[in-house]
There are 4 protein chains.
Amino acid sequence: MLIVMNKKASPSEIDAVVSVIEAKGYTARPMPGGQRVAICVLHNPGPVEAGPFLSMPGVKEVIPVTHPYKLVSRESQPEDSVIDVGGVKIGNGHLVMIAGPCAIESEEQALTIAHKVKAAGAELFRGGAFKPRTSPYAFQGLGEEGLKILAKVRAETGMPVVTEAMDHDVFDLVEEYADVIQIGTRNMQNFSLLRRAGRARKPVVLKRGMAATIEEWLMAAEYIMEGGNSDVILCERGVRTFAHHSRNTLDLSAIPVVRKESHLPIIVDPSHAAGRRDQVIPLSRASVAVGCHGLMVEVHHQPEKALSDGAQSLYPEQFESLMQQIKPIFEIFRPLGNLD
Amino acid sequence: MLIVMNKKASPSEIDAVVSVIEAKGYTARPMPGGQRVAICVLHNPGPVEAGPFLSMPGVKEVIPVTHPYKLVSRESQPEDSVIDVGGVKIGNGHLVMIAGPCAIESEEQALTIAHKVKAAGAELFRGGAFKPRTSPYAFQGLGEEGLKILAKVRAETGMPVVTEAMDHDVFDLVEEYADVIQIGTRNMQNFSLLRRAGRARKPVVLKRGMAATIEEWLMAAEYIMEGGNSDVILCERGVRTFAHHSRNTLDLSAIPVVRKESHLPIIVDPSHAAGRRDQVIPLSRASVAVGCHGLMVEVHHQPEKALSDGAQSLYPEQFESLMQQIKPIFEIFRPLGNLD
Amino acid sequence: MLIVMNKKASPSEIDAVVSVIEAKGYTARPMPGGQRVAICVLHNPGPVEAGPFLSMPGVKEVIPVTHPYKLVSRESQPEDSVIDVGGVKIGNGHLVMIAGPCAIESEEQALTIAHKVKAAGAELFRGGAFKPRTSPYAFQGLGEEGLKILAKVRAETGMPVVTEAMDHDVFDLVEEYADVIQIGTRNMQNFSLLRRAGRARKPVVLKRGMAATIEEWLMAAEYIMEGGNSDVILCERGVRTFAHHSRNTLDLSAIPVVRKESHLPIIVDPSHAAGRRDQVIPLSRASVAVGCHGLMVEVHHQPEKALSDGAQSLYPEQFESLMQQIKPIFEIFRPLGNLD
Amino acid sequence: MLIVMNKKASPSEIDAVVSVIEAKGYTARPMPGGQRVAICVLHNPGPVEAGPFLSMPGVKEVIPVTHPYKLVSRESQPEDSVIDVGGVKIGNGHLVMIAGPCAIESEEQALTIAHKVKAAGAELFRGGAFKPRTSPYAFQGLGEEGLKILAKVRAETGMPVVTEAMDHDVFDLVEEYADVIQIGTRNMQNFSLLRRAGRARKPVVLKRGMAATIEEWLMAAEYIMEGGNSDVILCERGVRTFAHHSRNTLDLSAIPVVRKESHLPIIVDPSHAAGRRDQVIPLSRASVAVGCHGLMVEVHHQPEKALSDGAQSLYPEQFESLMQQIKPIFEIFRPLGNLD
């Protein structure tokens, strides 16, 4: 941490800051610059709270230096994590395709879509049984019935299944049925749910919050890892900006930044970023080209009848086309290795 | 809803849209404009999903008309709601001051601050017992011990107390001790928690999410009201923008907009918006002047020793000054009545 | 500047950074922390470019410390600037009201509105002769004819007039007619226009750019001051965010921040922030309460016939009501002095 | 346009709106819905201003339907525009690479870089002679001397050159020397400059404004086309958001949206979006994969000595690697044709 003093800060104001630093057991080193003094804080074992210093007379600014995450950091584990889901590898050197409808609506719907996406090359099946909805009057998902349908899809197709655990109440149930548990964007900082996910014995997909910085997102993953679950898959899904031609603005620079900062695999959900079908394939190509470890894509055979998010679901034949487009892009990218 | 067709949409594409509308039991009325056709959807009892139409050939855009909220809407209840908390009125014609530390740290700390803010004119006491923290390594609050201290503050000072219920697990406990239950900004779309709050027998302060539109915020309140609890107090606390001179950007235009759309009372938390002590008093004055029903302000007698958010906590004497500044502003505003 | 090294940066990487710093004539002081080394740059006369360091091996981050503005800074001039416009003071201890239509449409329109706003207490008259419009097909203003009408308004009412100079071509003309020259939000970083404004002999209102940080805004003012014109009035008018219930999000925390960093007066334009008439009065009250030095408000006697921005223009009787509401708020604020 | 009335709007309020519409020569068609009336405006030749209606009693909302752009619209020209720059095609079926330093610093610097990027496959050379800088104290470019160096680069290498015209004053000079004239992000709504560009006889690269919607950007292009210059190349360069791990957030969904709405070619500048060298190659791959018509990339052989933006400039060998990575991606994309 660096504490920047006002140009006219008095020696006694500087001394007072030094005393507070030393009272915490750290080392303070004042640096007289051309125009003002800055005080470096040294030998602090972790991040230091800026608050106490900001309130002291003569202090202009407090600049943090250390990032607060540990377990998720590439500095703590230099090599990429690779997560195994029923034999499917997620991470370094493999591109995982997760596909399926936004919500499970019926056994027939789920199986129809599952067979089609599997044939096109998807390895994991996704589908919501419990749906977070902006309106209390909207379709909320089939609940446990939906989970049972997911189990049937797995039994019939051999594909592991991904589904969201919206809250604590249903976490046990979801953990029992699902192969990968999703924490949704609105729950990225639901810290109790993150702690529960830390105790889960299944991998977790952690979606980025709508307005989350990368540091906050990695800290949310840190909650899960700190709880004992190292199998965290990050998922970029767009952030909220002034732009409204897509539902969210897909932040693809997050991929190289996360891959530099963390060893965790990172996938992209272009469907929720776009919110419109006609942007999904271009954004999928871009996501693979930027260097993500996989995609999670919504597919529906009858999107005009879908009970949620129909506008962004691909038709199965579009998903097939998507697969044909991204495979060669990934083949170009694969030999480039981890980071460039 | 209005469905706008491409300039070159064919008659059969238009007919197909009309058929889908009519199959849902609504009325479709095509409107031939100068350059293109738009189709109005009529006699729909509630909002219509845009998705199915966006995926049809010839459709350029779908424009929703009806807002999806009902119970929170001023169209459903024209007069202001007034909420009674142990004799303190929140709503039309009264300005409520809620003050206290970010987190309850000890009985002595809580009581010291409580006596001071009460003397300065605060009517409700706030303090966190369970704290949502970005880092799993940061101070997480005293838990039930903190709730007991809050009860003691109420007993000694007569002030009703406000505290956050971070999750389902602690909701019962918080409901037992608190007079007003706070739902935090990160939980604004934690729909299970909102449903639980809908069953609570205590008023709820619902903070705006960091990147929530007013419609999403009112829909979150709708979840609570729809569950049976009409005592919802909205709390604006700043939104995330590109600007970083304050922690969040306080969105004061939300106050007149919410007061026009909804009958619910709306208060402002200038402390979390600012994130820095020196902006809190000016933003408090602005909030009262814009027409809010109250303020929730962080106060600490030793902010440099606070276990969280010390940088934004006012000293008790600053809180006293704040009270003296806002009272006459509110007196000017009060006779202006509800809306201008 | 502080250069933060990777945890595993080698001594030779650290030495290389030190050499580059010293080759620039500054002092480098490496600070060995618990986990990593940070290198302080000292004795640099102004800000140091981060770029060269970011590209060196072993460097994790570069953190700037010094703000780049000088003349606009309160550190260079501690007391508030007060600008005199034909006898009207703008700055410390005075609240200036600037009112008038978005665009000058005719002599009759301008004079009608001018008499009304003057009667209500406005001291300066505003009105656009040259209008920046998103569409090339929209009304672009009356041009020089509009400036002549402004001169007539001044002659008849005694009010100094404010109008925008959209570009270099018309700057001479605007400077000849106007008492205060406005630089619009889209031109905040039109550096040639800023340099021209630096040579002007009339005060300049500098609107904040739609997505400008406070540092960029103050740097734009620095361009004008550096050119020789010290009479700069800053004008907050809302920034672009994800929120769309107002046209822009008025950033009132900018007022205390600017007043702390700079000695220049700062006014608020609530009309362009709101974009809707019904938010203008509440936001005006808030702006005065937060501590601005004045307001610039759009008023039109027939807004439904206005050639631009009618939706946000107040009726003259609303402006009168606004004046009655803000005066007592300012009286409360005035004795609080400059900063709190 | 659709004018939505309040639930309780009276028949006379509805009639008043109808009268205003008809007074403008359009057709009004009131649509009685289940709960409220909406009034469609028909037979309007272009967009209708919302303002006048918003101010009428009983009106809740005004919803525009028609986009205001004409010449840039794909509805006015269905096939892709292809722009010829000295034999290099920009547009449909060709990927153009524009590379060079941020600023021209010397003849030796420019020629060194030009030879290297040409060898790697660049077709156009870029370099700033006049530089828009946030600070008046920063390096402002070599001016006409820089333009002469660009002419020399063209003479020696055969590459057409792209450079920015920052203002009206230098436009003639830039037009004389450059093959493509750049309008920078801060000037996207400098309408006088856009009009001047409309009279230019050289193609124009129009960068997206920092916080511009796609509609505003296309309207800026409309200014140029309306002035008589059809050779406009749009350039996405990132927008300002809350996220700060990249200098701007590259908005790649803009590419498919612009390609659907407009026939103009669109390229991407990953260097200014990223602001950091290590994100440039991944974002370049993503831009090509999403479907842009070209890239504009900053390259410097000694970035640690660059006079501006060194941190984001690629080393020549990195540019070579970039070329090798994107070519096969484009080959995959090319047969997919214009839109998917």
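Search the stretch D:314-330 for residues being under 24 Å from the mean Cα position of the chain (by Cα) and more than 8 Å from every other protein chain (Cβ to nearest Cβ), and hand back the single one that is nearest to A:Ser321 (Cα to Cα). Spell out how you get there, then give the answer.
From the stretch D:314-330, those under 24 Å from the mean Cα position of the chain (by Cα) are D:314, D:319, D:322-323, D:326-327, D:329-330; that's our starting set.
After this cut, where a residue has to be more than 8 Å from every other protein chain (Cβ to nearest Cβ) as well, the list is D:314, D:319, D:322-323, D:326-327, D:330.
Numbers: D:Leu314: 34, D:Phe319: 31, D:Leu322: 26, D:Met323: 26, D:Ile326: 20, D:Lys327: 21, D:Phe330: 16 Å.
Among those that are under 24 Å from the mean Cα position of the chain (by Cα) and more than 8 Å from every other protein chain (Cβ to nearest Cβ), it is D:Phe330.
Please indicate, with yes or no, whether at least one residue in the stretch C:51-63 is crowded, with 19+ Cβ neighbours inside 10 Å, farther than 22 Å from C:Glu216 by Cα and in contact with a Phe, Trp or Tyr (Cβ under 8 Å, 6 or more places away or on another chain).
yes
Kindly check whether there is at least one residue in the stretch D:206-215 that is assigned to a strand (DSSP E or B), under 24 Å from D:Ser313 (Cα atoms) and of a type outside the set (S, T, N, Q). Step through it out loud before you land on a result.
We begin by selecting, within the stretch D:206-215, every residue assigned to a strand (DSSP E or B); these are D:206-207.
Those left that are additionally under 24 Å from D:Ser313 (Cα atoms): D:206-207.
Filter again for of a type outside the set (S, T, N, Q), leaving D:206-207.
Checking the stretch D:206-215: at least one residue is assigned to a strand (DSSP E or B), under 24 Å from D:Ser313 (Cα atoms) and of a type outside the set (S, T, N, Q).
Can you pull out every residue in the stretch A:303-331 that is in contact with a His (Cβ under 8 Å, 6 or more places away or on another chain) and among the hydroxyl-bearing types (Ser, Thr, Tyr)?
Residues satisfying the conditions are A:Ser313, A:Tyr315.
Here is a list of conditions, (1) acidic (Asp, Glu); (2) farther than 24 Å from A:Thr241 by Cα; (3) buried (at least 24 other Cβ atoms within 10 Å of the Cβ), and D:Asp251 meets all of them except one; can you say which number that is?
So D:Asp251 meets the others, but not (2).
Quick one: count up the residues across the stretch A:146-170 that are surrounded by fewer than 21 Cβ atoms within 10 Å (Cβ to Cβ) and within 14 Å of chain B (Cβ to nearest Cβ).
3
Restricting to the stretch D:79-118, give me the number of residues that are out of contact with any Gly (no Cβ under 9 Å at 6 or more places or on another chain), of a type in the set (Val, Ile, Thr) and buried (at least 18 other Cβ atoms within 10 Å of the Cβ).
Result for the stretch D:79-118: 2.
Report yes if D:Lys8 is assigned to a strand (DSSP E or B) and within 27 Å of B:Tyr26 (Cα to Cα), otherwise no.
Values: assigned to a strand (DSSP E or B): no; within 27 Å of B:Tyr26 (Cα to Cα): yes.
Answer is no for this residue.
For the stretch B:81-102, give me each residue that is in a loop (DSSP other than H, G, I, E, B) and either within 14 Å of chain A (Cβ to nearest Cβ) or touching a helix residue (DSSP H, G or I) at 6+ places or on another chain (Cβ under 8 Å) (or both). Spell out how you get there, then give the answer.
Start the filter on the stretch B:81-102 by keeping residues that are in a loop (DSSP other than H, G, I, E, B), which leaves B:81, B:86-87, B:92-93, B:95, B:101-102.
Once the filter is applied, which keeps residues that are in a loop (DSSP other than H, G, I, E, B) and either within 14 Å of chain A (Cβ to nearest Cβ) or touching a helix residue (DSSP H, G or I) at 6+ places or on another chain (Cβ under 8 Å) (or both), the stretch B:81-102 yields B:Gly93, B:Leu95, B:Pro101, B:Cys102.
Considering only the stretch B:119-145, state which residues are away from every other protein chain (no Cβ under 14 Å) and surrounded by fewer than 24 Cβ atoms within 10 Å (Cβ to Cβ).
Of everything in the stretch B:119-145, those that are away from every other protein chain (no Cβ under 14 Å) and surrounded by fewer than 24 Cβ atoms within 10 Å (Cβ to Cβ) turn out to be B:Ala119, B:Ala120, B:Gly121, B:Glu123, B:Leu142, B:Glu144, B:Glu145.
Here is a list of conditions, (1) crowded, with 17+ Cβ neighbours inside 10 Å; (2) among the small types (Gly, Ala, Ser); (3) away from chain A (no Cβ under 13 Å), and B:Ser76 meets all of them except one; can you say which number that is?
Every condition holds for B:Ser76 apart from (1).
To keep it simple, each residue is scored yes or no on (1) crowded, with 24+ Cβ neighbours inside 10 Å; (2) in a loop (DSSP other than H, G, I, E, B); (3) β-branched (Val, Ile, Thr); (4) modelled with pLDDT of 95 or more.
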{"site": "C:Leu264", "(1), (2), (3), (4)": "yes, yes, no, yes"}
{"site": "C:Asp278", "(1), (2), (3), (4)": "no, no, no, no"}
{"site": "C:Glu304", "(1), (2), (3), (4)": "no, no, no, no"}
{"site": "C:Leu322", "(1), (2), (3), (4)": "yes, no, no, yes"}
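Pull out all pairs, ordered by first then second residue, where Cβ-Cβ is under 8 Å, the residues are six or more apart or on different chains, the first lies in the stretch C:198-220 and is not assigned by TED's automatic domain parsing to the domain that holds C:Phe171 and surrounded by fewer than 24 Cβ atoms within 10 Å (Cβ to Cβ), and the second is polar (S, T, N, Q) and part of a helix (DSSP H, G or I).
none
Return a yes/no flag: does the stretch A:58-72 have any residue that is at pLDDT 80 or above, under 30 Å from A:Ala122 (Cα atoms), within 27 Å of the chain's Cα centre (by Cα) and not in a loop (DSSP other than H, G, I, E, B).
no
Only residues that are part of a strand (DSSP E or B) and out of contact with any helix residue (DSSP H, G or I) (no Cβ under 8 Å at 6 or more places or on another chain): list them for the stretch D:183-205, please.
Let us first name the residues in the stretch D:183-205 that are part of a strand (DSSP E or B), namely D:183, D:204-205.
Residue satisfying the conditions is D:Val205 alone.
In the stretch D:306-319, which residue that is polar (S, T, N, Q) and part of a loop (DSSP other than H, G, I, E, B) is nearest to A:Ala286 (Cα to Cα)? Talk me through it step by step, then tell me what you get.
Filtering the stretch D:306-319 for residues polar (S, T, N, Q) gives D:308, D:312-313, D:318.
Within this subset, residues satisfying the condition of being part of a loop (DSSP other than H, G, I, E, B) are D:308, D:313.
On the way: D:Ser308: 29, D:Ser313: 22 Å.
Checking each candidate, the answer is D:Ser313.
Among the numbered criteria (1) more than 15 Å from D:Ile255 (Cα to Cα); (2) buried (at least 24 other Cβ atoms within 10 Å of the Cβ), which one does D:Pro335 miss?
Looking at each condition in turn, D:Pro335 falls short on (2).
If you check D:Ala243, D:Ala220, which single one turns out to be within 12 Å of the chain's Cα centre (by Cα), more than 21 Å from D:Val88 (Cβ to Cβ) and of a type in the set (A, V, I, L, M, F, W, C)?
Details: D:Ala243 fails: within 12 Å of the chain's Cα centre (by Cα).
So the residue among D:Ala243, D:Ala220 that is within 12 Å of the chain's Cα centre (by Cα), more than 21 Å from D:Val88 (Cβ to Cβ) and of a type in the set (A, V, I, L, M, F, W, C) is D:Ala220.
So that you can scan it fast, the table gives a plain yes or no per residue for (1) under 22 Å from the mean Cα position of the chain (by Cα); (2) of a type in the set (D, E, K, R); (3) not in a loop (DSSP other than H, G, I, E, B):
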{"site": "C:Phe130", "(1), (2), (3)": "yes, no, no"}
{"site": "C:Phe139", "(1), (2), (3)": "no, no, no"}
{"site": "C:Lys148", "(1), (2), (3)": "no, yes, yes"}
{"site": "C:Ala155", "(1), (2), (3)": "no, no, yes"}
{"site": "C:Thr163", "(1), (2), (3)": "yes, no, yes"}
{"site": "C:Met166", "(1), (2), (3)": "yes, no, no"}
{"site": "C:Ile181", "(1), (2), (3)": "yes, no, yes"}
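Under the condition of being charged (D, E, K, R) and more than 15 Å from D:Lys148 (Cα to Cα), which residue from the stretch D:159-175 is modelled with the highest pLDDT?
Out of the qualifying residues, it is D:Asp167.
Taking only the stretch D:177-186 into account, find how many residues are under 23 Å from C:Gly209 (Cα atoms) and in contact with a strand residue (DSSP E or B) (Cβ under 8 Å, 6 or more places away or on another chain). Step through it out loud before you land on a result.
If we filter the stretch D:177-186 for residues that are under 23 Å from C:Gly209 (Cα atoms), which is where we start, we get D:182-186.
Narrowing the set further to residues that are in contact with a strand residue (DSSP E or B) (Cβ under 8 Å, 6 or more places away or on another chain) leaves D:182-185.
Final tally of qualifying residues: 4.
Within the stretch D:222-253, which residues are assigned to a strand (DSSP E or B), within 9 Å of chain A (Cβ to nearest Cβ) and of a type in the set (A, V, I, L, M)? Give the derivation first.
As a first pass, look at the stretch D:222-253 and keep what is assigned to a strand (DSSP E or B): D:232-236, D:239, D:249.
Within this subset, residues satisfying the condition of being within 9 Å of chain A (Cβ to nearest Cβ) are D:239, D:249.
Passing the criteria: only D:Val239.
For the stretch D:253-277, how many residues meet the condition of being of a type in the set (A, V, I, L, M) and farther than 16 Å from D:Phe330 by Cα?
Taking the stretch D:253-277 first, the residues of a type in the set (A, V, I, L, M) are D:254-255, D:257-258, D:264, D:266-268, D:273-274.
Retained after the next criterion (residues that are farther than 16 Å from D:Phe330 by Cα): D:254, D:257-258, D:264, D:273-274.
Within the stretch D:253-277, residues that are of a type in the set (A, V, I, L, M) and farther than 16 Å from D:Phe330 by Cα number 6.
Tell me, which residue of the stretch A:254-294 that is of a type in the set (Val, Ile, Thr) and touching a Pro at 6+ places or on another chain (Cβ under 7 Å) is farthest from the other protein chains (Cβ to nearest Cβ)?
For the stretch A:254-294, the residue satisfying everything is A:Val280.
From the list D:Ala50, D:Ala16, D:Ala9, exactly one residue is among the aliphatic types (A, V, I, L, M) and away from chain C (no Cβ under 12 Å). Which is it? If you could, list the steps in order and put the result at the bottom.
Values: D:Ala50 fails: away from chain C (no Cβ under 12 Å); D:Ala16 fails: away from chain C (no Cβ under 12 Å).
Going through D:Ala50, D:Ala16, D:Ala9 in turn, the sole match is D:Ala9.
Which condition from (1) hydrophobic (A, V, I, L, M, F, W, C); (2) over 22 Å from C:Ser284 (Cα atoms); (3) within 14 Å of chain A (Cβ to nearest Cβ) is the one that B:Val297 breaks?
For B:Val297, the failing item is (3).
The values are calculated or read from the model by the stated rules, or taken from the named source; none is laboratory data. Worth saying up front: this structure is predicted, and the values here are computed from it rather than measured. No Cβ is skipped: glycine too gets one built from the backbone with ideal geometry, and neighbour counts run over all protein chains shown.
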